[in-house]
1. For segment 176-221, give me each residue that is open to solvent by 10 Å² or more (accessible area, probe 1.4 Å), under 24 Å from the mean Cα position of the chain (by Cα) and either closer than 15 Å to ASP250 by Cα or basic (Lys, Arg) (or both).
2. Could you tell me whether ARG249 is open to solvent by 20 Å² or more (accessible area, probe 1.4 Å), touching a Ser or Thr at 6+ places or on another chain (Cβ under 8 Å), in a loop (DSSP other than H, G, I, E, B) and closer than 28 Å to ALA191 by Cβ?
3. Being touching a strand residue (DSSP E or B) at 6+ places or on another chain (Cβ under 8 Å), farther than 22 Å from TYR275 by Cα and not hydroxyl-bearing (Ser, Thr, Tyr) is the filter here; which residues of segment 296-316 pass it?
4. Being of a type in the set (Asp, Glu), open to solvent by less than 20 Å² (accessible area, probe 1.4 Å) and touching a residue at least 40 places away in the same chain (Cβ under 8 Å) is true for just one of GLU506, GLU497. Which residue is that?
5. Conditions first: (1) open to solvent by 20 Å² or more (accessible area, probe 1.4 Å); (2) under 15 Å from TYR382 (Cα atoms); (3) under 27 Å from the mean Cα position of the chain (by Cα); (4) of a type outside the set (Phe, Trp, Tyr). ARG316 passes all but one, so which condition is the exception?
6. Considering segment 292-307 alone, what residues qualify as being out of contact with any Gly (no Cβ under 7 Å at 6 or more places or on another chain) and either among the β-branched types (Val, Ile, Thr) or not in a loop (DSSP other than H, G, I, E, B) (or both)?
7. For residues that are hydroxyl-bearing (Ser, Thr, Tyr) and more than 28 Å from THR543 (Cβ to Cβ), scanning just segment 274-295, find the one that is least open to solvent (accessible area, probe 1.4 Å).
Amino acid sequence: MTSDTNGAPRGDLEGGLKGDQKGDKSIEARGPARGGIRALITAFATAGACVGLAYLHPSLAAYRPWMPGDPLPILSTLVPDRGVRVVEDGVNGLTLAADPTPAPAGEAGASVGADRAAVAPGAVAGGAADGTTPPTADGVLAPPTNVTDGDTPNPARAAAALAAGLPARPPGVPTPLVDPDDRGMAPFYRALHRATQGEGLARAAHYGDSTIAADGITSTVRARLQARFGNGGPGYLSAGMDPRWSMRRDVTIGRKGDWETVSLLLGGGGGRYAYGGIVSTAAAAASLSITAPKGPDGKPTPMHRFELWFQAGADRGAWWAALDGKGVGQGTALAEATGDRHLPVDVPEGYTTASFGTAGGTAGGAGAGEAAEPPAGGVTFYGAVMETKGPGVVWDALGVVGVGSRSFTQHSKKHLASQVAQRRPDLVVVMLGGNELGLPVLGRGDGNAYIPYYQDTVRRLRAGAPQSACLLITPLDQGTREGGTPGTKPNLPRLVEAQRKAAATEGCAFWNGYAAMGGPGAIVRWGAMKPPLAWTDLVHLSTNGQKIIGDLLADAIEHGFDGWLAAGGPNRAPLPPPGPPAEALAEAPAPPAPAEATPAPPAPPSSVATP
C-alpha cells in the first residue's frame with residue numbers, strides 16, 4: 001500500500017480517518033497552509049502600507065506607483081487606445097498603454113501649468129515667486145534659466161538661443177544645433193532649398209530606439225517641416241507594422257493573416273534587417289493595407305510613388321501588390337540565393353491606399369478573389385514607401401524598441417549599406433544611447449571608451465549615403481530611484497559628452513536632447529507636470545512631452561536652415577562632404593541607378609485582386 005507524505009496509508013486518507021487520528025492529521029495538514037496564508041496576507045498588508053505612506057506625505061510623491069493622469073493599472077490594458085505610450089521591454093518588445101487625456105490642441109506647452117513650471121537645480125534666481133519664468137515687458141517669455149552644458153546650467157546659452165530666434169517651449173529649453181560652418185547639415189539644407197524652388201523631395205532617415213519607435217517626436221518634426229517645405233508623404237514604413245516594435249501615427253493600417261516579425265534587438269533575420277531594422281514574414285493569405293495620412297480636408301492625401309521592398313530566397317512563396325485595389329505587381333519570391341528585391345511604381349494620377357501580401361490574400365479587402373492554389377512558403381517583406389510627387393519633406397521614422405549602438409552589428413554591413421543607398425536620404429539622423437547607460441565603459445573614467453562603439457554604428461548607417469548630411473542627437477534625460485532620491489542616471493552626462501566628441505570627429509551636426517529637456521532632473525520635473533509630460537518609469541515621455549521635444553528639434557533645424565540661407569545658402573562655396581576620412585566609409589556602395597530596380601511584372605486586370 002502506498003503512503004502519503006506524512007506516512008499515513010493513502011487508502012485511509014481516501015476512505016476517511018476516524019477518531020483522534022483524523023483530528024490529529026487534519027490539524028497537522030492545515031497548520032502549514034494556514035501559516036503560509038497568514039504570511040502572504042502579512043506581506044500584502046506591509047506592501048500596501050508602504051504604498052499608502054507614499055500618498056500620505058508630499059515628500060514621498062516620487063515613490064508613488066501611480067499618479068493622476070497615468071493609465072490605471074491592469075485596466076489600461078483592457079481599454080481602447082486613447083493615444084499611446086511606449087514602454088520598453090528588452091524581452092517582450094513594445095508595450096502600448098493608454099495615454100492620459102491629451103491637452104487641447106495647441107496647448108501642449110501651456111498645459112504644464114504656471115504653478116508647476118520646472119526650474120533646474122542651480123537655476124539663476126530672479127524668477128517669479130511660484131518658480132516660473134516671468135515674461136518681459138513686451139509679454140515675451142524671458143530666457144529659460146535651466147539650459148545646460150553636460151550637467152552644468154548655462155543661462156547665457158539659453159539667452160543666446162532665444163535671442164537667435166528660437167521660441168520658448170517650457171518646460172523645454174531652446175537648443176540650437178552645434179554645426180560649425182553648417183558642414184554637417186549643408187546637404188540637407190540644399191535639399192530643403194530645392195524644395196522651396198519646387199524641385200524634388202528632401203528625405204531624412206531618423207534612426208533610434210523606443211523614443212523614435214513611438215513616432216511622437218518624428219511625427220512632430222515631419223508635420224512641422226512638411227508645413228513649411230511641402231508634403232512629401234509618410235515615406236518608408238516597416239512591413240508588418242507590428243506595434244510591439246514600432247508604430248506610425250499618421251497612417252491607417254489594416255493587417256490580416258499571420259505575420260512573424262524580427263528586429264535588430266533579438267536577431268533572427270540572418271543579417272538582413274532592411275533599411276528600418278525590422279522585417280516581417282507573411283504566411284500564405286496574409287496581407288497589409290496602408291492608407292495615406294489625412295489632409296486638411298479630412299480625406300487621405302493622394303500619393304504618387306509606391307515602392308515595395310522584400311526578400312527573395314529558398315522556400316519562398318508568391319507575392320502581390322495593389323494600389324486602391326488595382327493590381328500593380330505580382331510574382332514569386334522563390335530564388336536559389338537570398339537577395340533583396342524592390343518594386344517601384346509611379347502613379348501620376350495618384351492613389352490613397354497601398355496593399356500587398358502573399359498569394360491567397362486579397363488586394364484591397366472584402367470582395368476580392370483568392371488564388372486557387374497559392375504556392376507554399378511565405379514572403380519576407382522589408383517595408384513600403386509612399387510618397388507624393390513633391391516638392392516636400394519626407395521624414396522616415398526608423399526606431400526599434402530596445403536597441404543600442406551595438407545592436408546594429410546584427411546587420412550585414414553590405415546589406416545595410418545597400419538598403420540605405422536604395423533610399424538615398426539627404427540626411428541621416430542617429431538618436432541612440434538611452435539603452436546603453438549601464439554599459440561598463442561609461443562608468444570608467446570620462447566615458448571616452450564608449451566613443452569607438454558609437455562611431456562604428458554611425459559609420460555603418462552612413463556608409464550607404466556618404467554624401468548625405470549627418471545629425472547626431474543625444475538621449476533625453478532618464479532617471480533612477482537608486483539612493484532613495486529620483487534623479488538623472490549618473491552615466492548620462494558622460495554619454496552626452498562622448499557623443500558630442502563623436503559628432504565633431506565624424507563631421508556631423510549635434511543636438512543635445514538632454515539639454516533641451518532641461519538637464520539634470522528634467523525627467524522628474526516633467527513627470528510632475530499636470531498633465532504629466534513624462535511617465536513614472538523615469539524614461540519615456542507622454543504624447544505631449546514628445547511633441548514638445550519634436551517642436552524643439554524642428555525649431556533647431558529651421559533655425560539652422562535660416563542661418564545657412566542668410567550666410568549665402570546655395571551660393572556659398574561648396575564644403576567637403578561631412579564625415580570621417582574617406583577610408584572609414586570605403587565599403588559604401590554607389591547608389592543604385594533607377595534601371596537596376598526590379599521591374600514591375602505585367603499588372604493583372606484591375607478586376608483581379610490577387611495573382
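1. ARG203, SER219, THR220
2. Numbers: open to solvent by 20 Å² or more (accessible area, probe 1.4 Å): yes; touching a Ser or Thr at 6+ places or on another chain (Cβ under 8 Å): yes; in a loop (DSSP other than H, G, I, E, B): yes; closer than 28 Å to ALA191 by Cβ: yes.
Here the answer is yes, as ARG249 does meet what is asked.
3. Step one: list which residues in segment 296-316 are touching a strand residue (DSSP E or B) at 6+ places or on another chain (Cβ under 8 Å), which gives 300-316.
Next, from what is left, pick out any that are farther than 22 Å from TYR275 by Cα: 300-302, 315.
Of everything in segment 296-316, those that are touching a strand residue (DSSP E or B) at 6+ places or on another chain (Cβ under 8 Å), farther than 22 Å from TYR275 by Cα and not hydroxyl-bearing (Ser, Thr, Tyr) turn out to be PRO300, PRO302, ASP315.
4. Working: GLU497 fails: open to solvent by less than 20 Å² (accessible area, probe 1.4 Å).
Result: GLU506 is the single residue among GLU506, GLU497 that is of a type in the set (Asp, Glu), open to solvent by less than 20 Å² (accessible area, probe 1.4 Å) and touching a residue at least 40 places away in the same chain (Cβ under 8 Å).
5. That leaves (3) as the condition not met.
6. Matches in segment 292-307: LYS294, PRO300, ARG305, PHE306, GLU307.
7. Taking segment 274-295 first, the residues hydroxyl-bearing (Ser, Thr, Tyr) are 275, 280-281, 287, 289, 291.
Narrowing the set further to residues that are more than 28 Å from THR543 (Cβ to Cβ) leaves 281, 287.
Working: THR281: 42, SER287: 8 Å².
Among those residues, the one meeting the criterion is SER287.
Quick grid of which residues meet (1) more than 29 Å from LEU432 (Cβ to Cβ); (2) at pLDDT below 95:
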| residue | (1), (2) |
| --- | --- |
| HIS342 | no, no |
| GLU373 | yes, yes |
| HIS411 | no, yes |
| ALA421 | no, no |
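The values are calculated or read from the model by the stated rules, or taken from the named source; none is laboratory data. Because the structure is a prediction, the values reported are computed rather than measured. Here Cβ is always computed from backbone atoms with ideal geometry, including for glycine, and neighbour counts include all displayed protein chains. Accessible surface areas use protein heavy atoms only, side chains included; no ligands, DNA or RNA. Shrake-Rupley method; radii C 1.70, N 1.55, O 1.52, S 1.80 Å.
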